[in-house]
Amino acid sequence: MKRLLRSLIRIILILFGFLFIFTLPLVFGSAEDTVLVDFRSFWDGLKFNFQSLIQMNDSSYLELFKELDITNSYQYTMTILGGSLIVIIFLAIVISILIMLTPEKVSNRLKNGINFFEAVPDLLVILLFMLFVITLYKTTGLKFLQLYGVFGNKPYFVPIMTVSFLPLFLLLQFLVKVITEEQNQQYVLYAKAKGIGRLSILLVHIMRNIFPLLILQLRTIVWVLLSNIYLVEYVFNINGFTQQFLKLLFMGGDFASLVACLLMLAIPLLVMEALAWFISKFIKGKEAVSI
Amino acid sequence: MRRYKKTIIGSSLLLIILLMSCLYPLYGPADFNQKVLIHDENGRVIDRAPFPPSEEHWLGTTRNGEDVHWVLLYGVKFTLIAAFSVAVLRVIFGGIVGIIISLWAPFLKRYFKDFFLTMRYIPSILIAIILMIPIKFPDDVAISSIVTYQLIILVFIGFPSVTVFAADITDELLKTSFVQSSYLMGAGNFHIIKRQLLPYMRSYGILFTVQQILSTLQIIMQLSIFELFLGGANRAGIFGYDDPYGRPKLASMSYEWAGLIGQNFTEFTQMPWIVFAPLLGFFVLILIINMIKKELENNILGVQLMKTKRKRKKEKPLPAAQTHTGKFDFLHD
């Protein structure tokens with residue numbers, strides 16, 4: 001009973017938090033040269049938004065949302081997200097193993113290089129990629145890299161490369177840190193003493209042990225990827241989900257459509273959290289058995 | 001003070017940049033050396049702005065014929081002041097609320113997290129866009145109120161995460177033995193804050209502020225791509241800009257760096273200097289602040305690591321001394 005009540009309170013709070021955040025602009029009415037705080041219009045806005053969420057059977061419900069080309073663009077954006085996620089995981093594992101296999105002097109320098117990329121703004125990367133593609137086209141005349149998404153084009157390669165560039169370094173930094181910590185463990189020393197080679201220790205033993213940590217870290221990666229994808233789609237003028245979303249915003253769509261869009265955007269993160277939850281449960285269960 | 005060498009160097013660099021920018025009216029040309037057309041001796045027009053970087057125009061000129069380096073020098077103060085004030089406000093509000101939650105109302109923490117759950121699932125750039133759109137096309141509103149609104153929104157976006165962080169850290173500190181014994185001797189919450197927490201708050205507060213400056217800079221820049229400029233947009237648009245669809249391109253009113261990047265990023269194929277000069281400048285700012293952040297993190301979080309290591313070392317010799325009676329000693333273990 002108590003649990004039910006608590007989850008009820010939670011749901012109400014989440015809903016009201018959501019409404020609060022998105023009706024916040026109504027608090028500040030603007031006068032000539034001061035910002036007025038106006039709680040009455042805020043309260044009205046809250047009530048209005050709440051009502052528009054509840055009135056499901058109204059014909060104007062989700063009107064704009066149905067007009068927009070949602071399924072196609074959502075599929076496209078999610079393809080970019082999934083593609084870059086796969087690219088990132090694959091490249092990060094390969095490169096981190098290569099870094100760990102190099103001599104210590106070289107790998108230290110490489111680690112510093114990776115840390116440098118932490119500070120690079122995402123916009124700089126996007127613009128440099130654009131510049132690179134355009135100069136490639138200008139100098140060689142090759143047009144195999146599609147950049148802009150105009151005339152119904154759906155480029156995949158360049159957006160995925162651009163989007164995954166910075167998150168790759170983020171994951172790489174994480175993996176290198178975790179592997180370095182893992183190498184101090186006793187079992188690595190034991191495996192070394194038994195004469196197992198460095199590569200097979202890394203691939204077989206360490207990788208298996210850091211795999212859950214990798215899954216847990218993926219939530220952050222997806223988060224960064226999502227916010228990069230918005231920028232890239234806007235800058236490259238790609239007809240993805242972001243464009244539909246912005247159209248909705250600037251055309252003054254109703255609140256229910258906004259909520260639907262935001263929920264769709266949150267799905268990848270929810271999937272990642274569910275995955276992390278299952279993994280952690282699986283591991284805990286295993287430990288309980290082994291004890 | 002040697003431990004804070006990078007911090008001192010970095011912050012004095014930022015301070016010099018800020019001072020130079022604030023004193024700009026004293027030494028710089030008020031119109032940024034504006035020159036749109038170049039005439040030859042006979043008075044015929046031979047060239048028009050924008051000019052690429054040259055000896056005369058170090059970083060090139062804008063479409064309006066203004067020298068980019070003067071514009072940048074003039075505008076950087078807005079970027080720095082905005083980022084700094086937003087970060088400080090976030091840390092002050094978030095820190096106070098976090099400490100109050102942690103000390104007086106621990107049960108509220110869960111509800112607070114639930115209330116701002118949306119922020120965990122929607123990237124802050126989207127929330128910022130949604131909240132800032134109402135003032136994209138303001139009707140005769142003074143700049144000061146636009147800026148106030150924007151700053152409030154920017155502070156609000158970072159507020160929940162800072163609050164939760166502050167509450168977590170205060171929770172950790174409350175568990176330490178010195179706070180516990182202080183409570184046992186009858187200290188009240190205010191006394192704990194004043195005596196035990198304040199020294200920690202100072203260092204954590206500075207670290208938080210630096211982290212928040214970084215995130216504010218990032219978000220200002222991302223917002224500017226969507227034509228949401230800090231300090232409002234000039235509806236007349238960029239001078240001499242021809243849009244294929246015929247709409248005016250909004251221009252940043254304040255010459256603030258992020259705005260300069262946002263208003264010009266479409267032009268980088270023809271005039272890369274206009275967008276890359278502020279972008280690289282922004283990059284340098286972020287690098288300096290990141291350097292400060294790294295050192296502070298090392299000093300604040302690293303000190304604790306060192307302490308625990310030292311403790312472990314002290315504990316170790318005991319069993320070694322007891323096994324000393326054997327025929328041989330372990331020199332290295």
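From the set of residues in region B:125-136 that are open to solvent by 10 Å² or more (accessible area, probe 1.4 Å) and at the interface with another protein chain (Cβ under 8 Å from one of its Cβ atoms), which is nearest to A:Leu13 (Cα to Cα)?
Ranking the qualifying residues of region B:125-136, first place goes to B:Ile130.
Taking region A:243-253 as the search range and keeping residues that are more than 9 Å from chain B (Cβ to nearest Cβ) and crowded, with 20+ Cβ neighbours inside 10 Å, which one is modelled with the lowest pLDDT?
Only one residue tops the list, namely A:Gly253.
Residue-wise test of (1) in a helix (DSSP H, G or I); (2) touching a residue at least 12 places away in the same chain (Cβ under 8 Å); (3) open to solvent by 40 Å² or more (accessible area, probe 1.4 Å).
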residue	(1), (2), (3)
A:Leu213	yes, yes, yes
A:Leu218	yes, yes, no
A:Glu233	yes, yes, no
A:Leu263	yes, no, yes
A:Lys284	yes, no, yes
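Kindly indicate the residue of region A:202-211 that is of a type outside the set (S, T, N, Q) and open to solvent by 10 Å² or more (accessible area, probe 1.4 Å) and also nearest to B:Tyr121 (Cα to Cα) among those meeting that condition.
A:Phe211
A:Ile160 is checked against (1) in a helix (DSSP H, G or I); (2) aliphatic (A, V, I, L, M); (3) at pLDDT below 85 and fails just one. What number does that condition carry?
Here A:Ile160 clears every test but (3).
Just name the residue that is nearest to the other protein chains (Cβ to nearest Cβ) out of those in region A:101-112 that are within 18 Å of A:Val178 (Cβ to Cβ) and open to solvent by 20 Å² or more (accessible area, probe 1.4 Å).
Only one residue tops the list, namely A:Asn112.
Let's see how each residue does on (1) over 30 Å from B:Lys175 (Cβ atoms); (2) open to solvent by less than 40 Å² (accessible area, probe 1.4 Å):
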| site | (1), (2) |
| --- | --- |
| B:Thr62 | yes, yes |
| B:Val71 | yes, yes |
| B:Lys77 | yes, yes |
| B:Leu103 | no, yes |
| B:Arg110 | no, no |
| B:Pro123 | yes, yes |
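Out of all the residues in region B:170-189, which are open to solvent by 40 Å² or more (accessible area, probe 1.4 Å), part of a helix (DSSP H, G or I) and either in contact (Cβ under 8 Å) with a residue 40 or more places away in the chain or more than 22 Å from B:Gly94 (Cα to Cα) (or both)?
Result: B:Asp171, B:Ser177, B:Phe178, B:Gln180, B:Ser181, B:Tyr183, B:Leu184.
Only one of (1) modelled with pLDDT of 80 or more; (2) more than 8 Å from chain B (Cβ to nearest Cβ); (3) surrounded by 16 or more Cβ atoms within 10 Å (Cβ to Cβ) is not met by A:Ile14, so which one is it?
Looking at each condition in turn, A:Ile14 falls short on (2).
Residue check: is B:Leu15 of a type in the set (A, V, I, L, M, F, W, C) and open to solvent by 80 Å² or more (accessible area, probe 1.4 Å)?
yes
What is the number of the single condition among (1) within 12 Å of chain A (Cβ to nearest Cβ); (2) modelled with pLDDT of 60 or more that B:Pro244 does not meet?
Exception for B:Pro244: condition (2).
Within the bounds of region B:27-37, is there any residue that is open to solvent by 80 Å² or more (accessible area, probe 1.4 Å) and in a helix (DSSP H, G or I)?
Yes - at least one qualifying residue is present in region B:27-37.
The values are calculated or read from the model by the stated rules, or taken from the named source; none is laboratory data. Predicted model only: the values in this text are computed from it and were never measured. FYI the Cβ positions are ideal-geometry reconstructions off the backbone, even for glycines, and counts take in every protein chain you see. Ligands, DNA and RNA are excluded from the accessible area calculation, which covers all protein heavy atoms including side chains. Shrake-Rupley method; radii C 1.70, N 1.55, O 1.52, S 1.80 Å.
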